[in-house]
Amino acid sequence: MDENKKNEVLDEETSQETVEDEKSVKDRANEILSGLNKTEIPDAVQDWDGVLPEVESSIELIDNEDVHVIDEVEEEEEIPEEELCVCCGKRRRCTSIAEDYEYCAQCRIDMLKTPFNTMGIIAVVLVCIVSIIGTFVLAPNALAGISTLMGYMIEKNGEVDAAIDSYSETLMITGETGLPVPMTVVERLATLANESYGPSDAEERIKIYLNSYQIEKSKVLSEIVKEHERIVGTSSVCNEAIREFYHEDTSTIDAEESYAALDKVIADNPGVYDEDMITYYKSNVALLDGDKDKEIAFLEEIRKKSPEKYWLYNEGNSLIDAYMRKGDFDKATEIADSIIAKNKTHQEANWSKAQILLMKGDKAAAEKIADDLAKINSARATAVSIEALIARLDKDYEKAIDLCTVAIDDDYYNSETYHQLLIAMVLNNDSETAYGITSEYYSYLYSNPQTTNHDYVRYINTYALLTYLEDEEQFSAVKDHYASQGAALPFPEELEQYAEKKITLEEIFLKGDFDL
Amino acid sequence: MTIIYVLSKIISIPGAIVKGFWEQVFCRAFKSPVESNDYIRMDELCGHVGHELIPTSARSFWYNFLPGYFNFGLGFTIASGPFINLLLLDVQNTTVKTVLYAILLWIGLSLLSNIFPLREDALNMWEKIYGKGNSSTVIGKIFFFIPALIMLIGSFLEAYGLTVLFNIAMVVVLLLI
């Protein structure tokens, strides 16, 4: 304890001396500064230069003395263990930070400069490099990924056609960027195309992206291709079976013999051929025979047996059209609804439903269908066609023409858009321009793989009217064509009546089913 | 529970190390003394740095937010490409490319599994922003609420290794469908 007291006295003396030294330095500095005020700058600088080393050495002295004092005190003073810094174990904890603070002030200062872990630095550098690589990997995949994700979401929402468009876009992007073909996307695309348009359409799409070897790797795709081959085989056998009963010269068919021949195909080869396809051939025979009830009955047979095959029983809108021709609009609507439930954006079903609603005078409901479809990119063409029909019924032919022209110019149109454009032009007394567009209309149908027989029928009927109005010579050629097709393509009754001046164009296109 | 937590950190070791590094960077930036720079250790601090609690609400929020944000940014960049390629598009790659993508996916997901703060840090942040005697402004409280809540919940999920489990489950599900 005596030693401690001695040290304290010594420390006090040393610190007093230091303070006195410091005071003398400060006094001299003040003198110099007051000298500065008296504008004797050069002398003052000279004086300061002389004092500066003295000041520096004094400060150094103070610092060393302080540290020395602290160390001596800490070394000598006995600090209870619970008050020792947990880091250095020598100094007292700095409780001014917190009562339970475990470190001394010095260790705290050191901890502010804790060096970074080498492993951490290496990891961060590597991860940054990897993230640059990742960006290059991501870049080509990102757009394809986005359109695929869109496709999944759209598909979940029941918008099959829109989903098909999204998946096709993905495959287009991967093709352009040189990425390998994404199998999952091809599988989804093929599955949806199979459900909506049948295995032949699906197979056609698959073969754009994959070769036979790649197709075999996928169970889903090989099954679709097998199904397509079965359908093609069935069609070939059916054609062969009924060939002898079809009379090309008169475009007629021996219906009963044909049905029997088709039944024999099933009986002779149980399970080999697609029975629904054979029934579909029977409906075609009934169509050629002009027996509408039987045609409907066969198509209904397929619908009851395989309700998912709407691509077959309503191929080219055949069943809905058959009921509409028969005047059974409730049944036609029921079938359209059942197809829309499976494929929200189905072009034919939505179009027919809107048409029936307008025939019933429910313009608001038809407008709602158009509005809903307009929100979906892939269904905008159908929406425009419905809007054009509504405008036409309101006798706003200019609006109908504008709607269709803009849609064609901006590339969101289908065959119905052309059809509506031509009718609106005819009603607007511009059949000459309409006739000029028919070749464009035909080129579209010819180049579009999804064009159905129904599209061709609508085209030929409109073409017949335009030739009647604009080109007499061509009209007789068209009439010959109708004659050659027999019951499969009857000459439009309303056109005949119009030619006989029994009805007007307005009566054809603004009443009934608003078409020939 | 610590075993599960440490295991989850070891599975996602690249992310755990990088997260620890970012935390130390922000400890320096916010002048919080770091007790240990050992990012991988066999206790509750695994994948984090031991440091003095940050005294102000704003600094505490950013300290909790920024390291996770950096990990998320890097993780998202790294994982997105392989995720789309391997899981979403199911691209038929060569074996070498598939292995490379799988490694990138693991690194990316490990970073994404380490985006939440340590539970104590998250609780301290909540206390500083919404606790008694807090100095936060009303606008600050509103502005910070959703991210602070997410970080608080996330810190609890991470404490039970659930973030890693979630990522593993996601990959498994996508591989199966």
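Quick look at the numbers
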| item | result |
| --- | --- |
| Selection from the stretch A:417-429 of residues that are more than 17 Å from A:ALA407 (Cβ to Cβ) and either within 33 Å of the chain's Cα centre (by Cα) or without any contact (Cβ under 8 Å) to a residue 24 or more places away in the chain (or both) | A:ASN429 |
| Odd one out for A:CYS87 among (1) in a loop (DSSP other than H, G, I, E, B); (2) at pLDDT below 65; (3) of a type outside the set (Gly, Ala, Ser) | (2) |
| Leading residue by the ranking (farthest from B:PHE65 (Cα to Cα)) among those in the stretch B:20-33 that are surrounded by fewer than 22 Cβ atoms within 10 Å (Cβ to Cβ) and within 7 Å of another protein chain (Cβ to nearest Cβ) | B:PRO33 |
| Breaking point among (1) surrounded by fewer than 19 Cβ atoms within 10 Å (Cβ to Cβ); (2) within 14 Å of chain B (Cβ to nearest Cβ); (3) at pLDDT 90 or above, for A:ALA260 | (2) |
| Residues satisfying the stated conditions in the stretch B:34-51, i.e. crowded, with 18+ Cβ neighbours inside 10 Å and more than 9 Å from chain A (Cβ to nearest Cβ) | B:LEU45, B:CYS46, B:GLY47, B:HIS48, B:GLY50 |
| Any pair with Cβ under 7 angstrom, 6 or more apart, that starts in the stretch B:110-127 at a residue that is within 14 Å of chain A (Cβ to nearest Cβ) and ends at one that is of a type in the set (D, E, K, R) | B:ASN114/B:LYS19 |
| Residues of the stretch B:52-61 satisfying the condition of being surrounded by fewer than 18 Cβ atoms within 10 Å (Cβ to Cβ), hydrophobic (A, V, I, L, M, F, W, C) and more than 13 Å from every other protein chain (Cβ to nearest Cβ) | B:ALA58 |
| Pair list, Cβ < 8 Å and 6+ apart or interchain, from the stretch A:190-208 residues that are closer than 10 Å to A:ILE224 by Cα and free of Cβ contacts under 8 Å to residues at least 12 places away in the same chain to residues that are among the basic types (Lys, Arg) and surrounded by fewer than 19 Cβ atoms within 10 Å (Cβ to Cβ) | none |
| Filter pass, B:ASN114 being at pLDDT 90 or above and not in a helix (DSSP H, G or I) | yes |
| Odd one out for A:PRO180, checked against (1) surrounded by 20 or more Cβ atoms within 10 Å (Cβ to Cβ); (2) not in a helix (DSSP H, G or I) | (1) |
| Count of the stretch A:228-240 residues which are free of Cβ contacts under 8 Å to residues at least 40 places away in the same chain and crowded, with 16+ Cβ neighbours inside 10 Å | 2 |
| Test: residue in the stretch A:241-254 that is assigned to a helix (DSSP H, G or I), of a type outside the set (D, E, K, R), more than 14 Å from chain B (Cβ to nearest Cβ) and surrounded by 15 or more Cβ atoms within 10 Å (Cβ to Cβ) | yes |
| Test: residue in the stretch B:128-148 that is free of Cβ contacts under 8 Å to residues at least 40 places away in the same chain and touching a Leu at 6+ places or on another chain (Cβ under 6 Å) | no |
| Every residue from the stretch A:103-128 that is more than 30 Å from B:LEU109 (Cα to Cα), at the interface with chain B (Cβ under 9 Å from one of its Cβ atoms) and surrounded by fewer than 18 Cβ atoms within 10 Å (Cβ to Cβ) | A:ILE109, A:ASP110, A:LEU112, A:LYS113 |
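Yes or no, residue by residue, for (1) farther than 22 Å from A:TYR197 by Cα; (2) part of a loop (DSSP other than H, G, I, E, B):
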| position | (1), (2) |
| --- | --- |
| A:LEU287 | no, no |
| A:GLU300 | no, no |
| A:LEU312 | no, no |
| A:THR345 | no, yes |
| A:ILE356 | yes, no |
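The values are calculated or read from the model by the stated rules, or taken from the named source; none is laboratory data. All values derive from a computational prediction rather than experimental measurement. Don't worry about glycine lacking a Cβ; one is built from the backbone with ideal geometry, like all the others, and counts go over all protein chains shown.
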